[in-house]
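Note sheet for the following structure.
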């Protein structure tokens, strides 16, 4: 009961994250479908027949897959620059995190409004439609900016012993939001069409904006230093200053092996955890449509099933294994990476549609892995370095995603007629090193603890068992996205 009360007392950003992901998932698949229908029928006759078969599915997918690749490239490269500057600005201005959350929500609303215009004006080409969608999200920071603000806000407001659970709660809320977004998408788009669906999405975005003002207490602390406005702006947007701060966060000497752990998590674990998930999801709809002839409703039900499994796994891994049984975060991460590797292999080998429903249980720990990278990284830095650390983490994730996410789409575009599941080979290649990365963190952590125990015994010092805490209790942070 005390655990439940503790969880409820720590509710803050969850309603905002939940509604943002409902809106983002709903709008994301709606936008992909809009591009596909525009490619299928430039005349607009199919706009009123959502759910019908495309006359030439292969031709339409050859149009949409490359566009999605370029769209993802823009949505990764531009936001990372904004997120880098925003993290540093937030740290220097009394740890103000709410602006970092509001801007992406506004961008999502603008993107949906532009998509609504392109729906009404069906003659707008798929390429121009995608450009307008991507520009609105990219220039507002997108999910990268939002996660920077959310992760830093949580670390600021949450006691250390609750931090991993808090990030797990956010991961669970993301999963629930994605589930609901998919279910709403599958039922709404077929019944009301594109125009009404985008109006619903805009309404959800406005409600999310209101929740951000209502639930996020952005009480400004006293800034560490005050400068004239023009000097403050120049320092905030100075790339060399931002890069110097980011480099300093990674290379600063810290207690024990925290510096090594931080570098491994930020440079390897975080990117390799989120890239396979986002890469697969960027082409999964097209893959299932072509290989198994699924429609919008079938896909939404299957994706909701996937996210439900991820949610259950997140609650189990972070609420039971980590918080209750004190299992080391890195050990949970190693288990999650092994499961993700098996999942990618299974998806690659699937040949019948019924076999697809056997694979998602292997994704049980996927949400936990996303949460753990943020939690481990945040526990290696101080509270005034969280914004800069999150910026470095997002930089590495976005730089690698800007290359690999388009690669997923281009690979699918060139192989779907001969080997539709070839893009899963990319996930297999990326996930294999992740197993060893998490394993190595666990190894050096346990080695450090054993050395401490040995030194304590030699000096005649009694070290109680409660002092041997897992990484989840050492210092502080979570992300990813679907």
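The values are calculated or read from the model by the stated rules, or taken from the named source; none is laboratory data. Remember, predicted model here, so these are calculated numbers, not experimental data. Every residue, glycine among them, receives a Cβ derived from its backbone with ideal geometry; neighbour counts consider all protein chains shown.
Structure notes:
- Selection within the range 87-105 - modelled with pLDDT of 70 or more, part of a helix (DSSP H, G or I) and in contact with a helix residue (DSSP H, G or I) (Cβ under 7 Å, 6 or more places away or on another chain): 98, 100, 101, 102, 103, 104, 105
- Number of positions in the range 362-385 that are farther than 17 Å from residue 427 by Cα and assigned to a helix (DSSP H, G or I): 12
- Residue 129 being more than 23 Å from residue 211 (Cα to Cα), assigned to a helix (DSSP H, G or I) and either modelled with pLDDT of 85 or more or in contact with a strand residue (DSSP E or B) (Cβ under 7 Å, 6 or more places away or on another chain) (or both): yes
- Residues considered: 309, 301, 392. Of these, the only one that is under 30 Å from residue 189 (Cα atoms), within 19 Å of the chain's Cα centre (by Cα) and in a helix (DSSP H, G or I) is 309.
- Any hit, the range 273-282, residues being surrounded by 12 or more Cβ atoms within 10 Å (Cβ to Cβ), assigned to a helix (DSSP H, G or I) and modelled with pLDDT under 70: no
- Failed condition for residue 408, given (1) surrounded by 24 or more Cβ atoms within 10 Å (Cβ to Cβ); (2) within 30 Å of residue 157 (Cβ to Cβ): (2)
- When residue 353 is tested against (1) modelled with pLDDT of 95 or more; (2) closer than 16 Å to residue 284 by Cα, only condition (1) is not met.
- Among residues of the range 325-347 being in contact (Cβ under 8 Å) with a residue 60 or more places away in the chain and more than 23 Å from residue 257 (Cα to Cα), the one that is nearest to the chain's Cα centre (by Cα) is 340.
- Residue in the range 448-467 that is surrounded by 19 or more Cβ atoms within 10 Å (Cβ to Cβ), at pLDDT below 95 and within 30 Å of residue 391 (Cα to Cα) present: no
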